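Take a look at the structure set out below.
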Amino acid sequence: MQTALLLLAGTGITIASAYQLSAARLRATPLGRSHVISSASAAPADAVSFKSAGLCKKLTVPSELLDKTDVFIFDCDGVIWKGDSLIDGVPKVLAELRKLGKTVFFVTNNSTKSRKGYLGKFKSLGLEDTKAEEIFSSSFAAAAYLEQTKFKETGKKVYIIGEVGIEEELDLIGVPWIGGGADAGKKIELKSGYALPHDKDVGAVIVGFDREINYHKIQYAQLCINENPGCEFIATNLDAVTHLTDAQEWAGNGAMAGAIKGCTGREPTLVGKPSPLMIDYIVSKYGCQRDRICMVGDRLDTDILFGQNNGLLSCLTLSGVTTESKLLSPENEIKPDYYVDSIAQFL
């Protein structure tokens with residue numbers, strides 16, 4: 001069991017907790033049965049779960065999921081919104097879940113905004129009941145990781161490839177940083193004998209989604225990682241694609257982190273999904289029971305894997321990047337407990 005000390009950025013709340021991944025859970029539903037078995041019913045001895053049989057179950061009776069879930073953790077991009085467009089039915093679903101006494105959290109791998117910034121987006125989309133403490137972004141996770149590892153005590157600074165979300169979260173915990181937006185548009189004049197100078201006091205490079213990434217940033221990051229002793233390489237997430245607009249998919253932070261991995265030969269420390277950091281914090285702070293939590297997302301390799309690796313129920317929504325054909329293909333080995341066209345099917 002790993003004991004960690006976590007300081008909630010900007011609140012001054014310190015929590016000492018023991019985190020432990022759930023080793024196993026039993027949610028068996030017999031095949032070939034048309035009626036719903038309630039969560040209180042004991043499964044027959046020969047029951048076979050959909051997942052263990054290599055199958056996925058489309059949710060048709062909402063109570064089958066609602067009755068066994070106290071806490072819903074929603075991804076944002078592709079689940080709540082696409083770009084700046086709210087997905088149909090979301091406000092009604094969230095309102096009804098709250099009326100039923102369900103706890104709701106939002107966990108996103110997008111690091112471009114801080115928790116405060118994401119709260120502004122929720123409000124702008126008409127989701128007025130959302131509270132800051134319900135939102136967990138990978139920019140917050142990066143700051144929380146630095147708190148856990150006592151980075152501030154080293155006296156070092158962070159070099160940021162990323163946007164304002166990471167900058168704001170590091171400011172909240174008092175960790176000095178360079179780069180980020182200040183290095184947007186910088187160019188390197190390649191001429192004989194030129195070497196790009198870099199800060200020897202950088203002890204960590206955080207790579208988050210960056211719409212203004214350039215060669216200067218890549219070179220600066222690799223110099224810090226390759227030449228500064230003990231410099232850590234941290235990635236907010238490794239998502240291949242993301243939703244910048246509702247019209248198409250766009251290259252995600254996997255492209256940025258991949259560039260740094262390619263020129264350093266180093267694997268990053270991952271703080272976003274499917275890393276357990278954020279769910280460990282939620283379980284510790286709010287006293288949630290893992291097998292009564294459902295992770296709802298649109299990505300198999302981050303959202304659903306995040307749920308499975310951390311002992312949670314999982315539900316895939318087809319409103320984002322994953323198609324039904326990909327989900328059900330023989331090649332896909334990541335199976336959610338349930339899947340829906342969108343979370344509107346929760347009602």
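Here are the numbers:
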item	result
Residue tally, condition open to solvent by 90 Å² or more (accessible area, probe 1.4 Å) and either more than 14 Å from Y215 (Cβ to Cβ) or touching a strand residue (DSSP E or B) at 6+ places or on another chain (Cβ under 9 Å) (or both), over the range 175-196	2
Subset of the range 88-117 that is more than 19 Å from the chain's Cα centre (by Cα) and touching a residue at least 40 places away in the same chain (Cβ under 8 Å) - its residue that is farthest from I293 (Cα to Cα)	D88
Test result for E133, of a type in the set (D, E), at pLDDT below 95 and part of a helix (DSSP H, G or I)	yes
Whichever residue in the range 209-257 is open to solvent by 40 Å² or more (accessible area, probe 1.4 Å) and among the small types (G, A, S) and, among such residues, is farthest from K187 (Cα to Cα)	A247
Residues within the range 258-288 that are open to solvent by 60 Å² or more (accessible area, probe 1.4 Å), in contact (Cβ under 8 Å) with a residue 60 or more places away in the chain and under 20 Å from L146 (Cα atoms), tallied	1
Selected residue [surrounded by fewer than 14 Cβ atoms within 10 Å (Cβ to Cβ) and without any contact (Cβ under 8 Å) to a residue 60 or more places away in the chain] from K157, K121, K131	K131
Count of the range 319-347 residues which are of a type outside the set (A, V, I, L, M) and in a loop (DSSP other than H, G, I, E, B)	14
Contacts under 8 angstrom Cβ, first residue in the range 308-319 being open to solvent by 10 Å² or more (accessible area, probe 1.4 Å), partner modelled with pLDDT under 95 and in a strand (DSSP E or B), 6 or more apart	S319/K82
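The values are calculated or read from the model by the stated rules, or taken from the named source; none is laboratory data. Computed from a prediction, not measured in an experiment: that's the story for all the values here. All Cβ positions, glycine included, derive from the backbone under ideal geometry; neighbour counts span all protein chains shown. Each accessible area value is taken on the protein alone, full model and side chains, heavy atoms only, with ligands, DNA and RNA left out. Shrake-Rupley method; radii C 1.70, N 1.55, O 1.52, S 1.80 Å.
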